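Throughout, read-outs are computed from the coordinates displayed, never taken from laboratory work. The shown structure was predicted, so the numbers you read here are calculated from the model rather than taken from an experiment.
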Amino acid sequence: MSGEHETVGHPLWLLAELTYRCPLQCPYCSNPLDYADQAHELSTRQWLEVLKQGRAMGAAQLGFSGGEPLVRQDLPELIAGARGMGYYTNLITSGLGLTEAKVQDFAEAGLDHIQVSFQASDPELNNALAGSRKAFDQKLAMARAVKAAGYPMVLNFVIHRHNIHQMPDILALCEKLGADYVELATCQYYGWAFANREGLMPSRDQLVTAEATVNRYRTDLLGRDHPMKVIFVTPDYYEERPKACMNGWGSLFLTVAPDGTALPCHSARLLPIEFPNVTEQSLEDIWYRSPGFNHYRGDLWMPEPCRSCDEKGKDFGGCRCQAYLLTGNADNADPVCGKSPHHDRILAARTAADHATAGLEDLIYRNARNSRVICRG
Ligand code: SF4
Ligand code: SF4
């Protein structure tokens, strides 16, 4: 084994963002703002080659996401190929475009896990956020179909100020559907969610109420010996220390974007860094030797206050994308950190969330027109 392989571990998680296409229009979508100008997608053969290389490097967990991965007609072929290589495969879907027959096809192809996302606990809000009159009913039907096919029911709700008050109803809906795992993930402010941050960020009061509701519900589930597991991911904007983003840059996670651009996380595309492409370099070259993946490994790149901080081994200075979006320089400490000289930007966002009045109609929805307007000015 070479020295570089000893100091840099291998990727464990591979996220295959098969496409940026999606029939929905969530205003918190994590796809790039300029997704409409990034229509090129890897072919089936190219994806299978990427998966093969990733597996040979030791990647074991594979996520198929997007956009909406179901728009790729070759999904069963990709699932079967990945399963044959020995990956644990996970499909992350809105449920739109899914049918009972497709769930069966995927099961036969060897898919291990399906996660269905919801926008809200009632059809009105869900469909307004998703931009589809049929979305909620389709999601309900597909969540049931996933369970009927023998999969655990894994439901995901992205939480923000317009649905956080629904927490009791969301949990009750999940229980009624027979969910095994529920992920309540507060918006992460990248991509479209960053463009809409003022209209999406919950106030501290909303958050405290929601957390108390989730904790009460968990206690109640426990008391009834109910197996449903609930994870609530709260926003780091209300923390004083940043998250250990991706467990460290280029340490475990490797994302491949629809056009083959390889990224240390799905948001990193927004950084002013040149990232390699799987059509031009092997995945091994990309992971171990590309300037993009080596850019923020280790801690020599860190300026103060991170450089001399005794917590840098815990959080790696936080999130580079958040540092870039909030300070204009991705080298800076993540402003979530109370020691960051830019922490005032987080405090200002909290104050704005306490006073925000934006309604659903004020949000910028993800669609091709908005993408082009935002990115071309
Ligand atoms: S967040 Fe919404 S718009 Fe974005 S890919 Fe997922 S379902 Fe589609
Ligand atoms: S100063 Fe940097 S390393 Fe220290 S806690 Fe803050 S973000 Fe983490």
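Where the eigenvalues come from the Cα gyration tensor of the range 57-200, what are the semi-axes √(5λ) of the equivalent ellipsoid, largest first, in whole Å? The partial results should precede the final answer.
Numbers: eigenvalues 141, 63, 39 Å².
Ellipsoid semi-axes (Å, largest first): 27, 18, 14.
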(message) What whole-number distance in Å separates the alpha-carbon centres of the range 119-138 and the range 161-179?
(response) 13
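Looking at the square roots a ≥ b ≥ c of the eigenvalues of the Cα gyration tensor of the range 1-107, which shape do they give, rounded for a/c under 1.5, prolate if a/b is larger than b/c, or oblate? Display every interim value, and only then the final one.
Working: a/c = 2.18, a/b = 1.42, b/c = 1.53.
The shape class here is oblate.
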(request) Enter the Cα centre distance for the pair the range 343-377 and the range 219-233, rounded to the nearest angstrom. (result) 34
(request) Before anything else, pin down the relative contact order of the chain: Cα pairs under 8 Å, at least 6 apart, normalised by residue count, whole percent. (result) 20
(message) Quick check on the range 194-290: what does the Kirkwood estimate of hydrodynamic radius come out to from the alpha carbon pairs, in Å?
(response) 17.1
(request) At 0.36 nm per residue, minus the direct Cα-Cα distance, what do ILE374 and LEU12 gain on full extension? Give it in nm, one decimal, please. (result) 126.8 nm
(message) Need one word for the chain: rounded, prolate or oblate. Basis is the Cα gyration tensor (sqrt eigenvalues a ≥ b ≥ c); a/c below 1.5 gives rounded, then a/b vs b/c decides.
(response) rounded
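Output the relative contact order of the range 72-156, whole-number percent, from Cα pairs under 8 angstrom with separation of 6+ residues. Don't skip to the end; give the middle numbers.
Numbers: 111 pairs, mean separation 26.7, N = 85.
With pairs under 8 Å counted, the relative contact order is 31 percent.
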(request) Quick one: grab the alpha carbon gyration tensor of the range 260-363, order the square roots of its eigenvalues as a ≥ b ≥ c, and give me rounded if a/c is under 1.5, else prolate or oblate depending on whether a/b is larger than b/c. (result) oblate
(request) Quick one: which residues, 5 or more positions from ASN156 or on another chain, have an amide H under 5 Å from its amide H? H modelled 1.01 Å from N in the peptide plane, none for Pro or chain starts. (result) VAL116, SER117, PHE118, GLU183
